Amino acid sequence: MELQEKIFVAGHRGLVGSALCKMLRKKGYKNIITRTRDELDLLDQARVEQFFKEEKPDYVFLAAAKVGGIYANNTYPAEFAYSNMQIQNNIVHSSYKSGVQKLCFLGSSCIYPKFAPQPMKEEHLLTGQLEPTNQAYALAKIAGITMCQSYNKQYGTNFISVMPTNLFGPGDNYDPMNSHVLPAFIRRFHEAKENDTPVVTIWGTGTPKREFLYSEDLADACIYLMNNYNDSEIVNIGTGIEVSIAQLALAVKEVVGYEGEIEYDSTKPDGTPRKLLDCAKIHDLGWKHNTGLKEGIEAAYEDFLQRWKEGCFSEPQHA
């Protein structure tokens, strides 16, 4: 990507999109196009096609998506399936029609089978059953990967697909019902600290293991791949380091400064037992992460505190 070329970041207000915009500007890219949901409804095919026809972006980062944790995925599967497939279909097809030079599709480690060998390699895709609690979201992302590969094969496009591990960082979603595990922990431990709550209860047994990547590291990786990778095969993006949910809870507790106890509700689902990505491919391409877990949690908590003081959090949304 040349510094003056036009880059569209779809989903620029989200965790990934905002990190991408920040990292692009940091690297000297100035011609960045963004649209709010009010300005451009990505679910509306006609409006998306008109936008691409008028703006003619050279590059596209497809970071717009409906995302959430176990509760949200398990409760609203139809919304996760419809919204994600509709957004992907509209942006990928319009990118092809308008002659976009290259597109980066953001997938998820949820695409891999529930009991995939660990660490999960790119070739493990479609080799087993998915985790039931987020199957709708995973299938939507798999459809997006297949769509990019199919357009490359049939139309000669250059659409790449990246699979990030669990993400966190500034601008995250801290909704107590719909957020992912790490931001949910930050809010829960902070509220417990503020209210002098003696015990924080966490879903599951605490034994599942997860890998976490700071959002700005993901953004750096996506830009790196846009400039250095041209293949239809997917690429994992992660740290190659995993921690148990119990270890994560203790790490967040320490950063927040909560002094109460932690208990686990084993009647609630654990989700996938392990989700560690094999990152050998992206490492061989020359990229590695820069931010450690504790350093990232500290930065995320600072962002949370600032937004908390500004009253940026709304009540949970269930629809």
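Computed from the coordinates by the stated procedures, all read-outs in this text should not be read as laboratory data. Predicted model only: the values in this text are computed from it and were never measured. Every residue, glycine as well, gets a Cβ built from its backbone with ideal geometry; the counts of neighbours run over all protein chains shown.
Overall, the chain carries a charge dipole of about 760 debye about its Cα centre when +1 sits on the Cβ of Lys and Arg and -1 on the Cβ of Asp and Glu, all other atoms neutral. Here the Debye sum runs over all C-alpha atoms of region 7-309 as equal scatterers in vacuum, and log10 of I(q)/I(0) at q = 0.16 Å⁻¹ comes out as -1.38. Using a cut-off of 29 Å between Cα atoms, the listed pairs LYS56/LYS121; LYS141/LYS209; LYS102/LYS209; LYS209/LYS281 include LYS56/LYS121; LYS102/LYS209 as exceeding that distance. Helix 15-26 and the long axis of the chain differ in direction by around 60°, with both axes built from C-alpha atoms. Excluding residues on the same chain fewer than 8 positions from LYS268, give the aspartates and glutamates whose Cα lies under 16 Å from its Cα. Straight-line reach from LYS268, under 16 Å: GLU131. GNM remark for the chain: springs join alpha carbons under 10 Å apart, and the peak mean-square fluctuation among TRP308, TRP287, TRP203 falls on TRP308.
For the pair region 170-234 / region 89-126, the C-alpha centres are spaced 20 Å from each other.
Result for the chain in a Gaussian network model with C-alpha springs under 10 Å: among GLY257, GLY11, GLY296, the largest mean-square fluctuation is at GLY257. The residue among TYR82, GLY311, LEU250 whose Cα reaches farthest toward the positive pole of the charge dipole of the chain, with charges on the beta-carbon of Lys, Arg, Asp and Glu, is TYR82. Using a Gaussian network model of the chain with C-alpha springs under 10 Å, which one of LEU106, LEU40, LEU130 is most mobile by mean-square fluctuation? Most flexible of the set in this elastic network: LEU40. Stretching ARG47 away from LEU126 to a fully extended chain increases their span by 25.1 nm, per 0.36 nm per residue minus the current alpha-carbon distance.
The phi torsions of region 272-288, fed into the Karplus equation with coefficients 6.51, -1.76 and 1.60 and a -60° offset, translate into couplings of 4, x, 9, 8, 10, 8, 7, 9, 4, 5, 6, 5, 5, 6, x, 10, 9 Hz, rounded to whole numbers, with Gly and Pro shown as x.
In terms of the Cα gyration tensor, with a ≥ b ≥ c the square roots of its eigenvalues, is region 83-219 rounded because a/c is under 1.5, prolate because a/b exceeds b/c, or oblate? It is prolate, given that a/c is not under 1.5 and a/b is the larger ratio.
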